[in-house]
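A short worksheet on the structure shown next.
Every number in this text was worked out from the coordinates using simple rules, so none of it is lab data. These numbers come from a predicted model, not from an experiment. Because the Cβ atoms are built from the backbone with ideal geometry, glycine has one as well, and the counts that use them run over all protein chains shown.
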Amino acid sequence: MTGHDHHHDHDHSELSETQLRVRALESVLTEKGYVDPAALDLLIETYEKKVGPRNGARVVAKAWTDPAYRARLFKEATSAIAELGYAGRQGEHIVALENTPTQHNMVVCTLCSCYPWPVLGLPPVWYKSAPYRSRAVVDPRGVLKDFGVTLPAATNIRVWDSTAEIRYLVIPLRPGGTEGWSEDKLAELVTRDSMIGTGLAKQP
Amino acid sequence: MNGAQDLGGMHGFGPVVPEPNEPVFHSEWERRAFALTLAMAMPGAWNIDMSRFARENRPPAEYLAMSYYQVWFAALETMLKQRELVADDEIVAGRSLHAPKPVTRTLTPGDVAQVLYRGAPTERATKSAATFKAGDTVRAKTINPLTHTRLPRYVRGRTGTIERVIGYHVFPDSNALGAGENPQWLYTVRFEGRELWGGDADASVTVSVDAWEPYLERA
């Protein structure tokens with residue numbers, strides 16, 4: 001789980017060994033008829049090419065522009081998000097969290113790596129790393145500083161530790177100066193980190 | 001279990017280091033290890049709580065020295081061996097040496113989209129009533145099971161407030177043991193930062209966990 005530097009040669013040989021071991025196991029499982037490599041390819045393609053934070057950005061942009069949708073999203077996020085076609089594994093029970101001028105929300109999974117896949121894709125390495133998982137619950141302002149974000153001292157910070165199967169999506173504050181913007185244009189301002197709570201939406 | 005996975009509040013890991021333009025996977029073996037883990041859940045007939053326990057149930061020094069997908073892969077090997085789906089000599093040889101064990105289902109390419117879209121919801125129907133309601137003051141119990149639990153150490157013994165009654169959900173502590181889903185009421189419990197970390201902590205911080213009823217007592 002460390003993100004620290006390893007000696008280069010050590011790192012290299014270790015990865016090669018893992019690479020060989022994974023390849024060997026895939027061969028065994030395929031020969032035995034337990035897995036179909038074509039299904040594996042499809043799983044990889046889904047999360048590498050189709051499902052990612054652009055989905056969540058569309059949800060946020062719609063929440064910024066459509067008050068009825070926003071109301072549905074905060075009442076029952078799973079079904080509101082499914083209206084846009086995003087649903088399923090690691091997003092079976094989603095709750096949307098509203099950032100306000102007085103409360104900033106940040107999501108972590110201290111015990112593993114729980115993350116809302118249908119709207120954000122697979123989590124980045126830092127989200128799964130020991131530095132983030134250990135500090136988010138005790139020093140969220142320090143973590144925000146690592147991301148170059150400083151919030152006013154008066155802003156309350158609420159940290160959500162995803163210890164069950166509820167997945168949390170932060171709806172960041174809409175930046176000023178974006179009145180009349182289309183959903184597509186607004187979605188460009190919505191970063192992955194702003195939907196985890198380690199960032200803010202981009203300023204226009 | 002009080003393993004290295006329960007990281008909340010630990011010190012010494014250094015800053016969070018985001019990687020600009022991070023790829024979804026960092027090497028081909030990560031892609032395959034990820035996909036094998038997802039695909040094998042069907043013939044392996046294990047559940048997510050069993051997978052999580054297989055990942056965390058290792059010496060802390062080992063857990064912390066492994067990369068994320070190395071932990072996933074090691075857990076996959078463990079579960080395959082426990083169920084005698086694969087033997088050690090086959091892992092070494094890189095080919096099948098023994099007859100396959102009959103499995104009820106495998107994941108076909110045609111299944112993938114539907115299986116992912118359906119997911120695995122954990123909410124269950126019930127006629128029972130939740131013991132706690134929003135606004136109630138509760139204490140997270142002091143428990144130290146050797147088996148899988150989702151109550152992090154940093155809230156055990158601490159007092160918080162029920163913020164939301166989420167629903168009636170599969171109980172991981174039971175499900176991880178293969179002892180049945182044993183669903184329980186699930187709550188969002190909010191703690192003041194100072195209750196968790198002491199009087200010097202940032203008063204503007206609150207932290208919540210999602211906790212099943214057996215983790216909680218009235219305070």
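Model label points for A:E31 and A:K145, set 7 angstrom from Cα along the Cα-to-Cβ axis, are 5.5 nm apart. Relative contact order, whole percent, for segment A:52-156 stands at 26, derived from Cα pairs under 8 Å and 6 or more residues apart.
The string of couplings for segment B:203-218 from the Karplus curve (6.51, -1.76, 1.60, θ = phi - 60°) is 6, 8, 9, 10, 9, 10, 10, 9, 10, 7, 3, x, 7, 10, 9, 5 Hz, one whole number per residue in order, with x for Gly and Pro.
Taking B:V17, B:V138, B:V205 in turn, the Gaussian network model of chain B (Cα-Cα springs below 10 Å) assigns the largest fluctuation to B:V17.
Loop-located GluC sites (Glu not before Pro) across segment B:1-97 with a Cβ neighbour count of 16 or fewer within 10 Å are B:E84, with loop assigned by DSSP. Can you bin segment B:137-218 into rounded, prolate or oblate? Criterion: square roots of the alpha carbon gyration tensor eigenvalues sorted a ≥ b ≥ c, rounded for a/c under 1.5, prolate for a/b above b/c, oblate for the rest. Prolate is the answer for segment B:137-218, as a/c is 1.5 or above and a/b outweighs b/c.
Taking the helices alone, chain B has a mean residue ellipticity at 222 nm of -8500 deg cm²/dmol, built from -39,500 (n - 2.57) per DSSP H run of at least 4 residues and averaged over all its residues.
The GNM of chain B, with springs linking C-alpha atoms under 10 angstrom apart, assigns the highest mean-square fluctuation among B:G44, B:G110, B:G160 to B:G110. Here is the short version for chain A: A:C112 have no other Cys C-beta closer than 4.7 Å. Binning the C-alpha pair distances of the protein assembly as shown at 10 Å intervals from 0 yields a P(r) profile of 4, 21, 32, 27, 13, 3, 0 %, listed from the shortest bin outward. Amide H contacts of A:T191 (H built 1.01 Å from N, in plane; Pro and chain starts excluded): A:K202 sit under 5 Å, all sequence-distant by 5 or more or on other chains.
Within the listed set B:I48, B:I91, B:I162, the residue fluctuating most in the Gaussian network model of chain B (springs between alpha-carbon atoms under 10 angstrom) is B:I91. Residue by residue along B:141-154, Cβ atoms of other protein chains within 10 Å of the local Cβ number 2 on average. Is the C-alpha gyration tensor of chain B telling us rounded, prolate or oblate? Criteria: a/c under 1.5 is rounded; beyond that, a/b larger than b/c is prolate, otherwise oblate. Prolate, because a/c is 1.5 or more and a/b exceeds b/c.
The mean sequence separation of alpha-carbon pairs under 8 Å and at least six residues apart, normalised by the residue count of chain B, gives a relative contact order of 20 percent. In a simple Cβ point-charge model (Lys, Arg +1; Asp, Glu -1; nothing else charged), segment A:51-196 has a dipole of about 220 debye relative to its Cα centre. Note on B:H98, B:H148: ascending count of other Cβ atoms within 10 Å places them as B:H98, B:H148, the fewest first. Summary of the geometry: segment B:141-219 and segment B:67-100, compared by the centres of their Cα atoms, lie 34 Å apart. Here's how it looks for B:L216: its modeled amide H is under 5 Å from those of B:K141, which are all 5 or more places away or on a different chain. Residues whose amide H comes within less than 5 Å of that of B:V205, counting only those at least five positions distant or on another chain, are A:I157, B:G193 (H built at 1.01 Å from N in the peptide plane).
Per-residue Karplus couplings for segment B:104-113, computed as 6.51 cos²θ - 1.76 cosθ + 1.60 with θ equal to phi - 60°, are listed in order as 6, 9, 10, 8, 9, x, x, 7, 3, 4 Hz, Gly and Pro entered as x. Within segment A:30-135, none of the GluC sites (Glu not before Pro) combine a DSSP coil assignment with at most 11 other C-beta atoms in a 10 angstrom radius.
The GluC sites (Glu not before Pro) of segment A:127-204 that DSSP puts in a loop, and whose beta carbon has at most 12 other beta carbons within 10 Å, are A:E179. About its Cα centre, chain B has a charge dipole of approximately 600 debye under the convention of +1 per Lys or Arg Cβ and -1 per Asp or Glu Cβ, with nothing else charged. For segment B:28-118, what class follows from the C-alpha gyration tensor (a ≥ b ≥ c being the square roots of its eigenvalues): rounded when a/c is under 1.5, otherwise prolate if a/b is larger than b/c, else oblate? Note, shape of segment B:28-118 comes out oblate.
Working note: 222 nm ellipticity from helices only, DSSP H runs with n ≥ 4, each -39,500 (n - 2.57), summed and divided by the residues of chain A, gives -12500 deg cm²/dmol to the nearest 500. Basic side chains Lys and Arg get +1 at the Cβ, acidic Asp and Glu get -1 at the Cβ, and with that the dipole of the protein assembly as shown about its Cα centre reaches some 1100 debye. Near A:W181: Cβ cut-off under 15 Å, other residues only, Lys/Arg at +1 and Asp/Glu at -1. The net charge is 0.
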